[in-house]
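As structure tokens, the structure follows; a few thoughts come after it.
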Amino acid sequence: MTEVGSTDPQGDGGKGRTGTSGEEGNGEMGTSLIERDALVGNLLDKVDEMERRIRYLEDTHPGAGGEAADKLAYYRETDGSMHAPGELCPDGEASWGIWSRLVNRGVTPIDHFRSGAIPDGFSWINDGTFGGTPGVLAYNFRGTYLRTYSQVGPYFLADAITVYANKVFMARLMTGITTEIGVRLDDGSNDNYAEIVLDPDDVGAYRVNFRYRAGGGGVTDIPGSLYPCSEMIVAELYWYSVTPQVLGFIVGEHGETFNLSGFGTGAVGWTPARIGIVMRNNDGNYAYCDWIYSDFA
């Protein structure tokens, strides 16, 4: 017979199973709960210690926004996992991080479009061929992109140059389904130029094309590799002074360049005068430039 108020529903003198612990009613339930309480307490102590350390970093090393996460990059150098603010180095590397590799491709851009202003020395060309400033434009979209919306165009964000022998211009680019964007070098007119452009195919992909014109004649368009529209690439134009000629490259994640088949003008007889970003637009999509690099001057 079981006493009133007993936790022994089976009436076996306290040796049955309880509905709480699922263990024999021989004192193990109490032990299990004590162990669990100890484990939870230990975890809470570790959380408190972590919070204390984060507050210490925030208090003693205030950075941008006072966030400890911004400072961890300074104080994790012993194993080579981080070597500079914001730069994560995989596999123990100490000098060639993900930011340098995947984003900047081994160069130091002259503009990463974070200032909210037009790059120094550049202007939107309005000369009868190009239509001045795009009507929809942001210089620091989501903090680090030049973004334009497709209108009639074309548009050319250019820098006037006089130093060009063996110089390069690079840009990290992405396009929408119908908007063309690329890098362009010309002689100040539309008669002589060379470009690498991201040419969309209207079905979610674009082809990287090399395009050039000489003496006002026909335009030569050389198709290259196909990429999904969501993928950014780095395009490069190089003025090779020996021939002279313009060569086009795609830049890989380690900074190496790939000269796609036919991406060159052959010998040219014109003198470079402008370098920059060119856009041609169809019917309603955005184009993006993450950064530009140039040693033209």
Of all strands (runs of 3 or more DSSP E) completely enclosed by the range 192-297, which ones contain at least 3 residues that are outside the structural domain of Thr129 (by TED's automatic domain parsing), charged (D, E, K, R) and out of contact with any Gly (no Cβ under 9 Å at 6 or more places or on another chain)? none
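Look through the range 156-177, keep the residues that are of a type outside the set (A, V, I, L, M) and over 25 Å from the mean Cα position of the chain (by Cα), and return whichever of them is farthest from Ile233 (Cα to Cα).
Thr162
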Given the criteria crowded, with 16+ Cβ neighbours inside 10 Å and at pLDDT below 90, does Leu237 qualify? no
Picked from the range 110-155 (must be of a type in the set (D, E, K, R) and over 20 Å from the mean Cα position of the chain (by Cα)), the residue nearest to Ile292 (Cα to Cα) is Asp120
Criterion (aliphatic (A, V, I, L, M) and either in a loop (DSSP other than H, G, I, E, B) or buried (at least 19 other Cβ atoms within 10 Å of the Cβ) (or both)) met by exactly one of Ala138, Ala171: Ala171
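The values are calculated or read from the model by the stated rules, or taken from the named source; none is laboratory data. This one's a predicted model, so the numbers in the text were calculated from it and none came from an experiment. Virtual Cβ from ideal backbone geometry, glycine too; neighbours counted across all protein chains shown.
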